[in-house]
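What follows is a set of notes on a single structure, which appears directly below.
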Amino acid sequence: RSANATHEVINVTLHATLAATTKLVVPTPAKPILPVQTGVQAQQEEQSSGMTIFFSLLVLAICIILVHLLIKYRLHFLPESVAVVSLGILMGAFIKIIEAQKLANWKEEEMFRPNMFFLLLLPPIIFESGYSLHKGNFFQNIGSITLFSVFGTAISAFIVGGGIYFLGQADVIYKLNMTDSFAFGSLISAVDPVATIAIFNALNVDPVLNMLVFGESILNDAVSIVLTNTAEGLTRENMSDVSGWQTFLQALGYFLKMFFGSAALGTLTGLISALISFFNFGDTHHIDLRKTPSLEFGMMIIFAYLPYGLAEGISLSGIMAILFSGIVMSHYTHHNLSPVTQILMQQTLRTVAFMCETCVFAFLGLSIFSFPHKFEMSFVIWCIVLVLFGRAVNIFPLSYLLNFFRDHKITPKMMFIMWFSGLRGAIPYALSLHLGLEPIEKRQLIGTTTIIIVLFTILLLGGGTMPLIRLIDIEDSKARKRNKKDINLSKTEKMGNTIESEHLSELTEEEYEAQYIKRQDLKGFMWFDAKYLNPFFTRRLTQEDLHNGRIQMKTLTNKWYEEVRQGPSGSEDDEQELL
């Protein structure tokens, strides 16, 4: 009997253990296979997609002609983003009149699709921004930029979101719950000072101010997207039985996972591309793509988009990953490439990013007539007040805090310009359309308010930046002597006329040691990078490498010149002018 009782106890224990284990180890459900449309449905979808592509390219072509006219007639005082948004508004009004007369129906084609923005338009813009951070002392100001872009964006999001929530609870404005308020505060905190940066470059303002505004806007976009995704994640889950403190910890954990996981993935991808390009040399290695720039360029384009797809596939932030990948590839990988590939990367990324930005700003103007709106005056006014107040709480206290640790102080004038340059752009607009808010009137209210805030900051704040800089006398002394006619706000003209020599630099071992290793003013990450990381991930060129690079460029130039001479305009005057 004792033995039987023991066996029964063991059996009961085993069954209980197996039951508990079965509950803990839940089988992963198989991913659903999306239905593939065939027949008539596939043809209709293909026709609809074709018309959407045609309409988008037509709008883009008109915008390119507009930018060309701005450059041709030297309307340099008008930022291109403002001009494109204005053109989009006029095109939207024209299409609305055509639809009212029942001459055509473009409602489906003119609607802005958030998926197209996040998959096709935004990645090239973000990668090119990260790839362009070589232009200045980004790493020397990395601490200040990180503080503004991460903590400052979070402060702004909490102030805007909290203000909207409490004002709604007081029945002052339209009532939103906590997660929806925080989602809107996060998306509206994404700054896009395209017009401001153009003005900074035209007036030659303090380079530190330029880099602080530019660097903050780049990282800020990614942080804002991660914060918005965090709020969306909380909205999708049932948080009714969870306390406020647990909700905060869950949101913080999700944000940290998205931020650091995506940043690590992008950094790792960029470093792998640097190692591949590092071993892309000479006769002693199996792979040498430098001799075929088209293949080398193709490999770099693959690595440019690779982290975005991987991060999105494993539920991380593709925007954060592609941003850090662009920064790392600019700092290490770019200097291992052949001169031809360097020029191809620089010009191709600029062109693609310009086309994507132009398309987004044009659809932003079109959305005024194509988007179903819900307008509430009190909600819009209080949101603008909270956005400006949140930006002020972000900039001024953090600047005073940073001045305790900075050698180059952030002056009160610089703080005011940084606060004033907090323009909103395409990312808040796309995020507002991406939110799955219910009921539909709530989504329409958020979208309409976002469009008004974006247009308010671009047209009024962006248009007032140049007079403000002149009024408070923050521009460079040389720029102050210029005539107003010499001010050029055309970003496209400057992009097309220059190839940045500092991004094409190739240093020998002796030149690198003299320029970086022996400098005594390098501190922190800059010293560690110059001492260890840069020598490991970038290859110092020999005199033979430099000689071969010059021969390659000379051969291509001679070949191009011969083809030009054989063209239809082969007059002696033209050839002499070309020479």
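Figures for the structure shown
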| item | result |
| --- | --- |
| Under Karplus coefficients 6.51, -1.76 and 1.60, residue-wise ³J(HN,Hα) of the range 172-177 in Hz, glycine/proline x | 7, 10, 4, 7, 10, 6 |
| 14 Å reach of a label modelled at Glu376, 7 Å along Cα-to-Cβ, counting backbone N of the range 429-460 | 438-450 |
| List Trp382, Trp245, ordered by accessible area with a 1.4 Å probe, largest first | Trp245, Trp382 |
| Mean separation of Cα contacts under 8 Å, 6 or more apart, over the residue count of the range 60-480: relative contact order % | 28 percent |
| In the range 364-469, trypsin sites (Lys or Arg not before Pro) in a DSSP loop with at most 15 other beta-carbon atoms within 10 Å | Arg406, Lys409 |
| Protection-proxy order for peptides 332-345, 179-192, 392-405, 426-439, each taking the mean of Cβ atoms within 10 Å per residue, highest first | 179-192, 332-345, 426-439, 392-405 |
| Residue-span extension gain [Asn558 to Arg470] - 0.36 nm each, minus C-alpha spacing | 27.0 nm |
| Residue pairs, from the table Lys96/Lys374; Lys102/Lys442; Lys72/Lys102; Lys96/Lys442; Lys102/Lys374; Lys291/Lys559, whose Cα atoms sit over 27 Å apart | Lys102/Lys442; Lys72/Lys102 |
| For Ser317, residues with placed amide H under 5 Å, excluding near neighbours | Ser262 |
| The range 403-467, accessible surface, carbon-and-sulfur percent (1.4 angstrom probe) | 70 percent |
| Burial order of peptide ranges 451-462, 214-225, 52-63 (average beta-carbon count within 10 Å, highest first) | 214-225, 451-462, 52-63 |
| Hz values of 3J(HN,Hα) by residue in the range 348-356 - Karplus curve (6.51, -1.76, 1.60), Gly and Pro given as x | 5, 4, 4, 5, 5, 5, 4, 5, 5 |
| Nonlocal amide H pairs with Arg424, under 5 Å, H built at 1.01 Å | Asp192, Thr457, Ile458 |
| Neighbour net charge for Tyr165 - beta-carbon separation under 12 angstrom, K R +1, D E -1 | 0 |
| Cα-based shape type of the range 60-480, given that a ≥ b ≥ c are square roots of the gyration tensor eigenvalues and the cut on a/c is 1.5 | rounded |
| Förster radius 25 Å - calculated FRET efficiency between Val385 and Leu119, Cβ distance, rounded to 0.05 | 0.10 |
| ³J(HN,Hα) computed for each position of the range 40-52 - Karplus, 6.51 cos²θ - 1.76 cosθ + 1.60, integer Hz, glycine/proline x | 5, 4, 5, 5, 5, 5, 5, 5, 5, 5, x, 5, 5 |
| Formal net charge of residues neighbouring Ile395 (Cβ-Cβ distance under 13 Å; K, R +1; D, E -1) | +1 |
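The values are calculated or read from the model by the stated rules, or taken from the named source; none is laboratory data. For clarity, every value in this text was computed on a predicted model and none was experimentally measured. Ideal geometry is used to build each Cβ from the backbone, glycine not excepted, and the neighbour counts take in all protein chains shown. Remember, those area values only see protein heavy atoms, side chains included, never the ligands or the DNA or RNA. Shrake-Rupley method; radii C 1.70, N 1.55, O 1.52, S 1.80 Å.
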